[in-house]
1. For segment A:12-114, please list each of the helices (runs of 4 or more DSSP H) lying entirely inside it that holds at least 1 residues being farther than 30 Å from B:Arg49 by Cβ and touching a residue at least 24 places away in the same chain (Cβ under 8 Å).
2. Which residue, of A:Thr90, A:Thr80, is among the hydroxyl-bearing types (Ser, Thr, Tyr) and away from DNA strand D (no atom under 11 Å from the Cβ)?
3. Name the residues in segment B:61-72 that are out of contact with any helix residue (DSSP H, G or I) (no Cβ under 6 Å at 6 or more places or on another chain) and hydrophobic (A, V, I, L, M, F, W, C), would you?
4. Can you go through B:Ala108, B:Ala99, B:Ala62 and tell me which one is more than 13 Å from the chain's Cα centre (by Cα) and modelled with pLDDT of 95 or more?
5. Considering each of A:Arg109, A:Arg94 in turn, give the residue that is surrounded by fewer than 16 Cβ atoms within 10 Å (Cβ to Cβ) and at the interface with another protein chain (Cβ under 7 Å from one of its Cβ atoms).
6. Can you pull out the residues in segment A:43-75 that are touching an Asp or Glu at 6+ places or on another chain (Cβ under 8 Å) and more than 11 Å from DNA strand C (Cβ to nearest atom)?
7. Take A:Leu25 and tell me if it is away from chain B (no Cβ under 11 Å), at pLDDT 95 or above and crowded, with 18+ Cβ neighbours inside 10 Å.
8. Out of all the residues in segment A:39-80, which are within 19 Å of B:Leu19 (Cα to Cα) and loosely packed, with under 13 Cβ neighbours inside 10 Å?
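The values are calculated or read from the model by the stated rules, or taken from the named source; none is laboratory data. None of the values given here were measured: they were computed from a predicted structure. FYI the Cβ positions are ideal-geometry reconstructions off the backbone, even for glycines, and counts take in every protein chain you see.
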2 protein chains.
Amino acid sequence: MSLRMRKSPASPLPPPCALTECMSLIAGAWTPNVIWHLGGGPRRFGELRADLPRISARVLSARLKALEARGVVHRRAAPTSPPSVEYSLTEVGRELVPALHAIVEVGARLKRLR
Amino acid sequence: MSLRMRKSPASPLPPPCALTECMSLIAGAWTPNVIWHLGGGPRRFGELRADLPRISARVLSARLKALEARGVVHRRAAPTSPPSVEYSLTEVGRELVPALHAIVEVGARLKRLR
DNA sequence: CAGAATCCGTTACGATACTG
DNA sequence: CAGTATCGTAACGGATTCTG
């Protein structure tokens, strides 16, 4: 069982509909976790790496960039040296947290059933 | 942009936490769409193929089987010839629909913002 | 510290062909 | 009709190395 989500499919494309496009917001094995941890408040790049022990810098960077481009995450870089960058959920981005929570609820309920 | 979700990661594993495990419920490029269409009521295999024009039988079959194993979908096969199989969301599975809806809401809102 | 660049294994999915 | 088997491909993600 592998957990992935294509924003656009392999070559042709899976479902060119609104649902798929919206689901791409949380696409990627780490994306939900990134959003989840940002739900607790602003977080620095390095802090997120610590929150998500096994994530690679490459992937964290890519996810944050994608989320920023979509308007889910806000990036604030302090012009210091060494650099310090703070990420936070936008107002709309914060709405994803309860949505993720709802899915977790279902998962928990399914687990209880067996 | 590609839309994928690993239920369990490539080899090591991304986030071995509850969130990830729950998110794996809707993992796969097509899974949310399958659940979405089943939300309208029971559906036959062939009907789902028609609902999801580009999905391959291989993937639809795999997704339905995974959802069934997790307790999200119920499968009822009529012992006729040719066979007729009806899929439907379980009671718990139905709870995923509003969760997906919530994500779509956020997606719509983000779209309006730009 | 916050990344970008490169290399490479794993996998999700599509297409096609076949079956009970 | 409802799948299964096989094959080929794009892309997701890990690890490592390098930089301003």
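1. Where helices (runs of 4 or more DSSP H) fall fully within segment A:12-114 and carry at least 1 residues being farther than 30 Å from B:Arg49 by Cβ and touching a residue at least 24 places away in the same chain (Cβ under 8 Å), they are A:31-38, A:45-51, A:57-70, A:96-112.
2. Result: A:Thr90 is the single residue among A:Thr90, A:Thr80 that is among the hydroxyl-bearing types (Ser, Thr, Tyr) and away from DNA strand D (no atom under 11 Å from the Cβ).
3. B:Ala62, B:Leu64, B:Ala66, B:Leu67, B:Ala69
4. Going through B:Ala108, B:Ala99, B:Ala62 in turn, the sole match is B:Ala108.
5. Being surrounded by fewer than 16 Cβ atoms within 10 Å (Cβ to Cβ) and at the interface with another protein chain (Cβ under 7 Å from one of its Cβ atoms) holds for just one of A:Arg109, A:Arg94, which is A:Arg109.
6. Passing the criteria: only A:His74.
7. no
8. A:Gly40, A:Gly41, A:Ala50, A:Pro53, A:Ser56
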